[in-house]
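Right, one structure below, let's go through it.
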Amino acid sequence: MKKKQQKIWSIISWFLLPVLWMGVIFLLSDQPVLPGPKVFLGDFLFKKGAHMFFFAALYVLWHLSLDRFEQNTGKKIKRKWLWALILVFLFSLTDEYHQSFIPGRTATWRDIGFDNLGSLLAMLWVYKII
């Protein structure tokens with residue numbers, strides 16, 4: 001393989017995990033009904049907790065990918081924490097928009113809020129603030 005092709009594949013591999021995780025979220029969002037507890041409060045807590053978990057993990061994966069990019073290219077990314085938050089925020093918007101087309105699902109600003117609360121908590125955890 002040529003050196004330029006190796007570099008391209010190397011860069012792709014740095015960002016593969018967050019993109020695959022976004023695919024997992026997309027597949028879950030594509031389900032008309034997701035299982036959960038039958039009690040309203042339990043269902044609410046379970047599903048909103050899942051939103052926070054999946055998007056917190058997405059933040060961590062984006063942050064790690066940006067770290068790998070920095071380490072392997074020598075190019076410093078300013079405000080890496082913010083770039084990862086922006087990427088997660090944009091995906092949360094597209095994920096909710098996608099859900100608006102799925103029978104039995106709805107797009108809500110509340111879910112976008114829980115998604116981004118998860119990513120914010122992950123950012124605070126990554127930077128050892130909490």
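When residue 29 is tested against (1) open to solvent by less than 40 Å² (accessible area, probe 1.4 Å); (2) on the phi > 0 side of the Ramachandran plot, only condition (2) is not met.
Restricting the range 32-45 to residues that are open to solvent by 60 Å² or more (accessible area, probe 1.4 Å) and farther than 17 Å from residue 99 by Cβ, the residue that is modelled with the lowest pLDDT is 38. If we scan the range 4-16, do we find a residue that is at negative phi and modelled with pLDDT of 85 or more? Yes.
The set of residues in the range 47-80 that are surrounded by fewer than 15 Cβ atoms within 10 Å (Cβ to Cβ) and aromatic (Phe, Trp, Tyr) contains only 53. Scanning the range 7-18 for residues that are among the β-branched types (Val, Ile, Thr) and open to solvent by less than 80 Å² (accessible area, probe 1.4 Å), we see that the one that is farthest from residue 107 (Cα to Cα) is 11. Going by what's in this entry, would residue 107 be described as within 13 Å of the chain's Cα centre (by Cα) and within 20 Å of residue 23 (Cα to Cα)? Taking the combined requirement at face value, the residue does not satisfy it.
The values are calculated or read from the model by the stated rules, or taken from the named source; none is laboratory data. Model, not experiment: these values are computed from the prediction. A quick note on method: Cβ atoms are made from the backbone with ideal geometry, for glycine too, and the neighbour counts reach across all protein chains shown. Remember, those area values only see protein heavy atoms, side chains included, never the ligands or the DNA or RNA. Shrake-Rupley method; radii C 1.70, N 1.55, O 1.52, S 1.80 Å.
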